Amino acid sequence: MYLDRTVIRDVLLKALESGGDFAELFFERTVTRAISIVDNHTDSFVDHVSEGVGIRVFKKLKSAFSSTSDISVSGLMKCAENTAAAIGDGDRIIDDIQLVYVSHEDLHKCTIAPNSVPLKERIGLIKEACSEAKNYSDRITQVTGRLQDNERYILIANSTGLLTDDRQTCIRMAVNSVASKEGDTQTGYMGPGAKRGYELFDLYSPNSIGREASREAVLKLDSDYIAAGTYPVVIQKGNGGVLFHEATGHSLEATAVAYNNSEFTGMLGKQIASEKLTAIDDGTIPNAWGSVNIDDEGRPARKNVLIENGILKGYMIDNFNSRRMKMEPTGSGRRQTYSYASTSRMTNTYIAAGDDEEKDIIGSIEKGLLCQKLGGGSVNPATGEFNFSVSEGYLIEDGKISRPVRGASLIGKGSEIIKSIDMVGKEVERSQGMCGSKSGSIPVEIGQPMIRIKSMTVGGR
């Protein structure tokens, strides 16, 4: 442990001196190493250590938070004093704290630790990916790549007596390719990651990562623009899960639900989606990019069923918002770093497998759109209204995938779309990304089998 147990107890008691009924200390030390490449030339190296403490106090339905990078005893006590002052005046109601250490099983084993891999070898891996991307086609005009690993140690203590800690290792390689032809420029991307070490490259070779980024960029150059309209839409397994994550997942976080800023507030036990749809947020999947052993409030990760056969079964709930909702936390409290207060966030969120064959899903459509990959977009959690770009799409004609198209966007409302899912494939795949919200940017996985939405507004030309 990086902090003495007696110091932790004294800091928590200091934070409670103004009448708080709960105090939490979150310590973090993260080592980040990153290499960036532009056109096969090393652009930058990062070797950075972030270390500090966040202190939070609750007083009924009021919360106060302060953070500091000064982890000396005086620095911690000053931070606790500031937090106590922010929560307001009052008489102390907690006089003593007996901390009891709780250990957790490590579900996410790391075989090749990042600090064991020489810099030269790490540079070689990202250069291999970028070289493969550049050599894919003479239409590839620029390639950028990034290889980053993080080793994170966290310690959480609170006034209920909890004292626990965890070590988390993650790694990600990302390649962006730019393809050009006659003044037209298109981009492609590939960026796998996992809660593991450099054994990641036993699963994804650097060559395959570079090739995939350039394949997507070149494909778009040869694609026609899609006409706007209303179509049956098929969303491919894997990356397509970003639609559920954004359009529905955020509306199931307590950050929105507890404040009546979600279209699903008060809907527990009700049919909100097609009977075909079961959706899960699971932070326990071994080595998955969004997984944790414990959340950033010290609770063990859980598999939370959000929707089962169309029935809303649960929300993702953090510690503070559990008070507002009068419901138990679900191991969903997450934060980017110690300088953020945690709140309810997703981990690995996916639509569960169904019983339809992919060939039958495609074959059922006379004219429609297959979304192979989705790009960026925007969503309003209060209404569920969204707009997403399709980064790789194909027309479906007469029950067959015909030609690639570009310029498509998906427009709709989360609560309506999940009612319109009428076919769900048998094979789930997941993809990795970063999710931004009130508590910063965190790693998450998205996923689903192939699904069919019977009718949807598609923007285009």
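The values are calculated or read from the model by the stated rules, or taken from the named source; none is laboratory data. The structure displayed is predicted, hence computed values, not measured ones. Positions of Cβ are generated from backbone atoms using ideal geometry, with glycine treated the same way; all protein chains shown enter the neighbour counts.
For the range 189-220, how many residues are closer than 26 Å to Arg406 by Cβ, touching a strand residue (DSSP E or B) at 6+ places or on another chain (Cβ under 7 Å) and small (Gly, Ala, Ser)?
Looking only at that region, the number is 5.
From the list Ile446, Ile396, exactly one residue is touching a Ser or Thr at 6+ places or on another chain (Cβ under 9 Å), aliphatic (A, V, I, L, M), outside the structural domain of Arg196 (by TED's automatic domain parsing) and closer than 30 Å to Gln148 by Cβ. Which is it?
Going through Ile446, Ile396 in turn, the sole match is Ile446.
Please give the number of the condition Lys60 fails out of (1) over 30 Å from Arg323 (Cα atoms); (2) surrounded by fewer than 18 Cβ atoms within 10 Å (Cβ to Cβ); (3) basic (Lys, Arg); (4) modelled with pLDDT of 95 or more.
(1)
Filter the range 11-43 down to the residues that are over 23 Å from Ser69 (Cβ atoms) and part of a strand (DSSP E or B) and list them by number.
Phe22, Ile35, Ser36, Ile37, Val38, His41, Thr42, Asp43
Restricting attention to the range 63-110, which residues are in contact with a Gly (Cβ under 9 Å, 6 or more places away or on another chain), surrounded by fewer than 16 Cβ atoms within 10 Å (Cβ to Cβ) and of a type in the set (Gly, Ala, Ser)?
Listed by number, the residues that qualify are Ser69, Gly88, Gly90.
Quick test of your reading of the structure: Pro329 fulfils all but one of (1) touching a Gly at 6+ places or on another chain (Cβ under 6 Å); (2) surrounded by fewer than 23 Cβ atoms within 10 Å (Cβ to Cβ); (3) of a type outside the set (A, V, I, L, M). Name the failing condition by number.
Of everything listed in (1) touching a Gly at 6+ places or on another chain (Cβ under 6 Å); (2) surrounded by fewer than 23 Cβ atoms within 10 Å (Cβ to Cβ); (3) of a type outside the set (A, V, I, L, M), Pro329 misses just condition (1).
Among Ala113, Ala129, Ala133, which is the only one that is under 30 Å from Asp295 (Cα atoms), among the hydrophobic types (A, V, I, L, M, F, W, C) and either surrounded by fewer than 19 Cβ atoms within 10 Å (Cβ to Cβ) or modelled with pLDDT of 95 or more (or both)?
Numbers: Ala129 fails: under 30 Å from Asp295 (Cα atoms); Ala133 fails: under 30 Å from Asp295 (Cα atoms).
Result of the check over Ala113, Ala129, Ala133: Ala113.
Need the failing condition index for Leu107 against (1) closer than 30 Å to Ala288 by Cα; (2) in the same structural domain as Thr185 (by TED's automatic domain parsing); (3) in a loop (DSSP other than H, G, I, E, B), just the number.
(2)
Which members of the range 58-104 meet the condition of being of a type in the set (A, V, I, L, M), outside any helix (DSSP H, G or I) and under 19 Å from Arg5 (Cα atoms)?
Taking the range 58-104 as the starting set, the residues that turn out to be of a type in the set (A, V, I, L, M) are 61, 64, 71, 73, 76-77, 80, 84-87, 93-94, 97, 99-100, 102.
Keeping just the survivors that are outside any helix (DSSP H, G or I) gives 61, 64, 71, 93-94, 97, 99-100, 102.
Correct list: Ile71, Ile94, Ile97, Leu99, Val100, Val102.
What pairs come up if the first residue lies in the range 1-24 and is among the polar types (S, T, N, Q) and surrounded by 18 or more Cβ atoms within 10 Å (Cβ to Cβ), the second is assigned to a helix (DSSP H, G or I) and modelled with pLDDT of 95 or more, and their beta carbons are under 8 Å apart, counting only those six or more places apart or on different chains?
Ser18/Ala84; Ser18/Ala85; Ser18/Ile87
Determine the pairs where a residue that is at positive phi, located within the range 144-163, has a partner that is of a type in the set (Val, Ile, Thr) with Cβ atoms under 8 Å apart, the partner being 6 or more residues away or on another chain.
Gly161/Ile97; Gly161/Val100
Given the range 161-280, what strands (runs of 3 or more DSSP E) lie entirely inside it while holding 1 or more residues that are hydroxyl-bearing (Ser, Thr, Tyr) and under 23 Å from the mean Cα position of the chain (by Cα)?
162-181, 184-190
Given the conditions (1) surrounded by fewer than 19 Cβ atoms within 10 Å (Cβ to Cβ); (2) at pLDDT 95 or above, and given that Glu28 satisfies all but one, which numbered condition is not satisfied?
Result: Glu28 passes all but (1).
Would the range 143-156 turn up any residue that is over 24 Å from Gly433 (Cβ atoms), crowded, with 16+ Cβ neighbours inside 10 Å, aliphatic (A, V, I, L, M) and touching an Asp or Glu at 6+ places or on another chain (Cβ under 9 Å)?
yes
Filter the range 391-419 down to residues that are assigned to a strand (DSSP E or B) and free of Cβ contacts under 8 Å to residues at least 40 places away in the same chain and give me whichever is nearest to Gly238 (Cα to Cα).
Among those that are assigned to a strand (DSSP E or B) and free of Cβ contacts under 8 Å to residues at least 40 places away in the same chain, it is Tyr394.
Out of Tyr225, Tyr198, Tyr204, I need the residue that is surrounded by fewer than 22 Cβ atoms within 10 Å (Cβ to Cβ), in contact with an Asp or Glu (Cβ under 8 Å, 6 or more places away or on another chain), touching a residue at least 24 places away in the same chain (Cβ under 8 Å) and not charged (D, E, K, R). Which one? If you could, list the steps in order and put the result at the bottom.
Working: Tyr225 fails: in contact with an Asp or Glu (Cβ under 8 Å, 6 or more places away or on another chain); Tyr204 fails: in contact with an Asp or Glu (Cβ under 8 Å, 6 or more places away or on another chain).
The conditions single out Tyr198.
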